[in-house]
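The values are calculated or read from the model by the stated rules, or taken from the named source; none is laboratory data. Source: prediction; values computed, not measured. We place every Cβ from the backbone using ideal geometry, glycine too, and count neighbours over all the protein chains shown. The protein model used for the area step is the full one, side chains on, heavy atoms only, and it has no ligands, DNA or RNA in it. Shrake-Rupley method; radii C 1.70, N 1.55, O 1.52, S 1.80 Å.
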Amino acid sequence: MEIGEQVIEVSGLRRRYGPAKGDGGFDAVRGISFSVARGELFALLGTNGAGKTSTVEVMEGMAEPSGGRVRVLGHDPYRERARVRSRIGVMLQEGGFPSDLTVAETARMWAGCTSGARPVPEALEMVGLARRADVRVKQLSGGERRRLDLAMALLGRPEVLFLDEPTTGLDAEGRRETWRLVRELREGGTTVVLTTHYLEEAEELADRLAIMRAGRIVVSGTPAEVTASRPSRIRFNLPEEVPAARLPLSLKAAEHGRGVEIRTNRLQESLTELLLWARQEGVALAGLDARSASLEEAFLEIAHGDGPDAADDNGTARVAEAGAR
């Protein structure tokens, strides 16, 4: 589907805990800006304490910003909560449902508080809980409770869906099924904001993502743009009688015992040069492995402050121009 107009706009958002001034407070979000289009899946990533949850709580209307401007579906989600609440779905990290109610009872209770709720059996079928409808919540596994959390977030047919760690506790099959459902929702026009610690999940699902560090957005772009801004790597082992010093200087190889690693922004050219050298010299490259940077590698480098990116005055940095080419 085509991605449409902006349904979430965040400009200069700040969120501070404690006194407004002085050393007694803490700035969890420090002036970040981004937007999310209708039908887009946007992932907000960062290590614990980076400011993700503080940001999402403001977008959900659960907290007032300390500064800046936030609009969801054209409204202030905190001051105009009544206009926004019925059009969004929120999946928290923990739903906190009464443990003695059954799955169906929980869903009916939730539906009674939801405008235009979809039929309970439909919501449970969507997340694979139809056969567990008569089971008490306390008897559900951790993964099943996450599915119930998701079902409740979908009851109101939300235009915007906030997913906070949606697949925590799910096995591999359950995670894939949840990904399938999220893709279907997105294809149907639902806008999704995702926070997750599973980098594979963000890489699989997100149209765009932003990585936060210390309350700022350090880098943003498509998953491909973010990973392309990081060097690819080539790893192999040389025979004992062949020193790494014989490798072409242009490859800038680094030794690790008998292992060698080359980090490059020109993977195809560097790999071709290496293989031509090996053929010319008659050298076997044992364990040869060449690959582009993964989102996980890029995330770890960026989130821990080892990368070249730096936030600008708006708390935002785009991927490096050279790396995005």
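Remark: spin-label model distance Glu261-Thr102 equals 5.6 nm, labels positioned 7 Å along the Cα→Cβ axis.
Here the chain is assigned +1 on the Cβ of each Lys and Arg and -1 on the Cβ of each Asp and Glu. Its dipole about the Cα centre then comes out at about 680 debye.
One compactness figure for the stretch 156-233 is 1.19, namely its Cα radius of gyration divided by 2.2 N^0.38 Å.
About its Cα centre, the stretch 115-158 has a charge dipole of approximately 140 debye under the convention of +1 per Lys or Arg Cβ and -1 per Asp or Glu Cβ, with nothing else charged.
Taking a ≥ b ≥ c as the square roots of the Cα gyration tensor eigenvalues, with a/c under 1.5 meaning rounded and otherwise prolate when a/b beats b/c, else oblate, which class fits the stretch 86-198? It comes out oblate by the Cα gyration axes. Think of it as helices only: each DSSP H run of n ≥ 4 in the chain is worth -39500 (n - 2.57), and spread over all residues that comes to -8500 deg cm²/dmol at 222 nm. Ranked by the mean number of other Cβ atoms within 10 Å per residue, highest first, peptides 275-285, 72-82, 129-139 order as 72-82, 129-139, 275-285. Each residue of the stretch 286-295 is assigned a 3J(HN,Hα), and the resulting list reads 6, x, 4, 9, 10, 7, 6, 5, 8, 4 Hz, derived from the Karplus form 6.51 cos²θ - 1.76 cosθ + 1.60 (θ = phi - 60°), x at Gly and Pro. Could you tell me which label, among (1) 20.8; (2) 21.3; (3) 22.0, carries the value of Kirkwood radius over Cα pairs in Å calculated for this structure? So the structure-derived entry is (3).
A simple charge model with +1 on the Cβ of Lys and Arg, -1 on the Cβ of Asp and Glu and nothing else charged puts the dipole of the stretch 137-239 at about 320 debye relative to its Cα centre. Considering only Pro248, Ala228, Leu267, and ranking their Cα positions along the charge dipole of the stretch 219-272 that arises from unit charges at the beta-carbon of Lys, Arg, Asp and Glu, the one farthest toward the positive end is Ala228.
Over the chain, accessible surface divided per residue gives 50 Å², non-protein components excluded, 1.4 Å probe. Across the stretch 1-144, Cα-Cα distances exceeding 23 Å account for 50% of all pairs.
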